[in-house]
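Colleague: One structure coming up, written as structure tokens, with questions to follow.
The values are calculated or read from the model by the stated rules, or taken from the named source; none is laboratory data. Bear in mind that the values here come from a model prediction, so they are computed numbers and not experimental data. Note: ideal-geometry Cβ built from the backbone for every residue, glycine included; neighbour counts use all protein chains shown.
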Amino acid sequence: MEPELIKEVLNNHHIFKKPTPNPLAKFLVCGINGYEDDKWSKHRKIINPAFYLEKLRHMVPAMHRSCVEMIEKWEKLVKIEGKGEGIEIDVRAYFEDLTGQVISRTAFGSSYEEGRRIFELQKEQAELTRQVLQSVYVPGWRFLPTEKNKRMKEINREVQDVLRGIIQRREEAMRAGEKTGNDMLGILLESNSREVEGNGNREELGISTKEVIDECKLFYFAGQETTSNLLVWTMVMLGIHQNWQTQAREEVLQVFGKSNPDFDGLNQLKKVTMILHEVLRLYPPVPVIARAPTKTLRLGNITLPVGVDLMLQIGLLHHDPKIWGDDVNEFKPERFSEGISGATKGQLSFIPFSAGPRVCVGQQFAMIEAKLALVMILQKFSFELSSSYLHAPFSILTLQPQYGAALILHKL
């Protein structure tokens, strides 16, 4: 589909809505992701403040603590198992853990330990969901009391119970006049309270505890999966393209030296940003966006009846040689040397986080976290692709390496 038509679809979200989701989606991708019209607008308005840049600035220390823990594990592995030499690790598992820890800290702050438990449960839930989605579809199967179905429901109940407890304690603290803090949950509850109070204490204009729970579950899945996969593919690309790894490290050392990275310095990293954008072009986190027209209409030269689903192939758009050139399949971060608008020549042809009114609200969060992690890795390690690595991009919920990402890590 041409960029102009994709733009038309994504900009007109009142006409092109999300299709009826897979019933399994409620366990992972719930909340604002599945809402439409006024309900979507209400939730988006209340959630937005959690992702303002000044709020994200305050989350960088929590991200940094999580990165330090991962780096220390790697240093210990190189020292003990590698005896000071290079050691092979699958970075995918480490990045899944890292991004889960970051969400636990930035979303729940003082309730971090309970946040970790939610992460562990949601991680198990995601794996069970993937297994089911890869199986042969049998209508009604999810209602049968199989071990897998029972476990998915148990996880869902426990996650809801833990989240409800955290939320109720926060709400009690707010009523007692205590500050909510700078974590996502605190900002969300504060924003919700302002919305209700600003409209004559009409509770229906805010979001319910059940809806807050669903938003927190979405924080986990969306925040953990997208950033984890972005970091994995970035390490794979830099493991192959050593010249870009060297250039990125030189820029990092020029901006930060060996000091701890900070929010302002991350914004100065032009080459690191170019690299991340090129990785997002080649490996968009969600390679397909689904929409369904609410009425019969024409889109370009095609008449679309009600009932059809449009599958917007982001992966194909990002690999279109008419837009990106004959070297479209090559890793060339220099495409983004003049920013996204320069790379796309003003077309809507780079949309790793979707586009239009429903663009991903957490894209800046993901980019800050990815930059921070990459900076700290480049300060401490060099790496190359292991000979055991098998390149197999695999899309199930998100785009990920089917057989992991084995790299050889060296301490600098």
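Colleague: Of the residues that make up segment 265-281, is at least one touching a Leu at 6+ places or on another chain (Cβ under 6 Å) and under 30 Å from Ser191 (Cα atoms)?
Modeller: No, there is no match, as no residue in segment 265-281 is touching a Leu at 6+ places or on another chain (Cβ under 6 Å) and under 30 Å from Ser191 (Cα atoms).
Colleague: In addition: For residues in segment 249-268 being in a helix (DSSP H, G or I) and among the charged types (D, E, K, R), which is nearest to the chain's Cα centre (by Cα)?
Modeller: Of everything passing the filter in segment 249-268, Asp264 is nearest to the chain's Cα centre (by Cα).
Colleague: Condition (residue is farther than 21 Å from Ala93 by Cβ, touching a helix residue (DSSP H, G or I) at 6+ places or on another chain (Cβ under 7 Å) and not basic (Lys, Arg)) applied to segment 117-131: is it met by at least one residue?
Modeller: no
Colleague: Identify the residue in segment 358-379 that is of a type in the set (Val, Ile, Thr) and in a helix (DSSP H, G or I) and, among all such residues, is farthest from Ala50 (Cα to Cα).
Modeller: Restricting to residues being of a type in the set (Val, Ile, Thr) and in a helix (DSSP H, G or I), the top hit is Ile377.
Colleague: Right, Lys39: more than 19 Å from the chain's Cα centre (by Cα), surrounded by 15 or more Cβ atoms within 10 Å (Cβ to Cβ), assigned to a helix (DSSP H, G or I) and basic (Lys, Arg) or not?
Modeller: Taking the combined requirement at face value, the residue does not satisfy it.
Colleague: Among the numbered conditions (1) touching an Asp or Glu at 6+ places or on another chain (Cβ under 8 Å); (2) over 27 Å from Gln400 (Cβ atoms); (3) among the β-branched types (Val, Ile, Thr); (4) in contact (Cβ under 8 Å) with a residue 60 or more places away in the chain, tell me where Thr227 comes up short.
Modeller: Of everything listed in (1) touching an Asp or Glu at 6+ places or on another chain (Cβ under 8 Å); (2) over 27 Å from Gln400 (Cβ atoms); (3) among the β-branched types (Val, Ile, Thr); (4) in contact (Cβ under 8 Å) with a residue 60 or more places away in the chain, Thr227 misses just condition (2).
Colleague: Arg44 fails exactly one of the following numbered conditions: (1) at pLDDT below 95; (2) under 29 Å from Ala405 (Cα atoms); (3) part of a helix (DSSP H, G or I). What is the number of that condition?
Modeller: (2)
Colleague: Let me ask you something else. What single numbered condition from (1) without any contact (Cβ under 8 Å) to a residue 60 or more places away in the chain; (2) part of a helix (DSSP H, G or I) fails to hold for Pro21?
Modeller: Among (1) without any contact (Cβ under 8 Å) to a residue 60 or more places away in the chain; (2) part of a helix (DSSP H, G or I), Pro21 violates only (2).
Colleague: Do we have His58 as assigned to a helix (DSSP H, G or I) and modelled with pLDDT under 95 here?
Modeller: For His58, the condition - assigned to a helix (DSSP H, G or I) and modelled with pLDDT under 95 - is met.
Colleague: Residues in segment 8-38 that are of a type in the set (Lys, Arg) and touching a strand residue (DSSP E or B) at 6+ places or on another chain (Cβ under 9 Å): how many?
Modeller: Total meeting the criteria: 2.
Colleague: If you don't mind, another one. Do we have any residue at all in segment 131-148 that's touching a strand residue (DSSP E or B) at 6+ places or on another chain (Cβ under 9 Å) and at pLDDT below 90? Even if it seems obvious, please write down each step before you answer.
Modeller: Residues of segment 131-148 touching a strand residue (DSSP E or B) at 6+ places or on another chain (Cβ under 9 Å): 133-134.
Narrowing further to those that are at pLDDT below 90: 133-134.
Yes, that holds for at least one residue.
Colleague: Okay, moving on. Hey, Lys148 hits all of (1) under 24 Å from the mean Cα position of the chain (by Cα); (2) more than 24 Å from Ser382 (Cα to Cα) but one; which does it fall short on?
Modeller: Looking at each condition in turn, Lys148 falls short on (1).
Colleague: Testing Val308 on (1) surrounded by fewer than 16 Cβ atoms within 10 Å (Cβ to Cβ); (2) in contact with a helix residue (DSSP H, G or I) (Cβ under 8 Å, 6 or more places away or on another chain), one condition comes back false. Which one is that?
Modeller: Just one mismatch for Val308, condition (2).
Colleague: Which numbered condition trips up Ala222, out of (1) of a type in the set (A, V, I, L, M); (2) modelled with pLDDT of 90 or more; (3) in a helix (DSSP H, G or I); (4) closer than 21 Å to Pro352 by Cβ?
Modeller: (2)
Colleague: Moving on. Taking the condition closer than 30 Å to Gln160 by Cβ and either in contact with a Phe, Trp or Tyr (Cβ under 6 Å, 6 or more places away or on another chain) or assigned to a helix (DSSP H, G or I) (or both), does Thr227 pass?
Modeller: Yes, satisfied.
Colleague: Take Glu178 and decide whether it is in a helix (DSSP H, G or I), surrounded by fewer than 20 Cβ atoms within 10 Å (Cβ to Cβ) and among the charged types (D, E, K, R).
Modeller: Answer is no for this residue.
Colleague: Same structure again: When the residues of segment 269-303 are filtered to those that are part of a strand (DSSP E or B) and within 24 Å of the chain's Cα centre (by Cα), which remaining residue is surrounded by the fewest Cβ atoms within 10 Å (Cβ to Cβ)?
Modeller: Among them, the one singled out is Val288.
Colleague: Taking into account only those residues within segment 354-398 that are within 25 Å of Gly239 (Cα to Cα) and among the basic types (Lys, Arg), which is nearest to the chain's Cα centre (by Cα)?
Modeller: If we take residues in segment 354-398 being within 25 Å of Gly239 (Cα to Cα) and among the basic types (Lys, Arg), then Lys371 is nearest to the chain's Cα centre (by Cα).
Colleague: Okay, moving on. Anything in segment 247-257 that is surrounded by 19 or more Cβ atoms within 10 Å (Cβ to Cβ) and of a type in the set (A, V, I, L, M)? List them, or say none.
Modeller: Within segment 247-257, Ala248, Val252, Val255 meet the criteria.
Colleague: Quick check: is even one residue across segment 82-104 surrounded by fewer than 20 Cβ atoms within 10 Å (Cβ to Cβ) and touching an Asp or Glu at 6+ places or on another chain (Cβ under 8 Å)?
Modeller: Looking for residues that are surrounded by fewer than 20 Cβ atoms within 10 Å (Cβ to Cβ) and touching an Asp or Glu at 6+ places or on another chain (Cβ under 8 Å), one finds at least one in segment 82-104, hence yes.
Colleague: Can I ask one more? So in segment 197-210, with the set limited to residues that are modelled with pLDDT of 85 or more and not in a loop (DSSP other than H, G, I, E, B), which one is surrounded by the fewest Cβ atoms within 10 Å (Cβ to Cβ)?
Modeller: Among them, the one singled out is Lys210.
Colleague: Next question. Tell me which residues, restricted to segment 220-246, are out of contact with any strand residue (DSSP E or B) (no Cβ under 9 Å at 6 or more places or on another chain), surrounded by fewer than 24 Cβ atoms within 10 Å (Cβ to Cβ) and not small (Gly, Ala, Ser).
Modeller: Met237, His241, Asn243, Trp244
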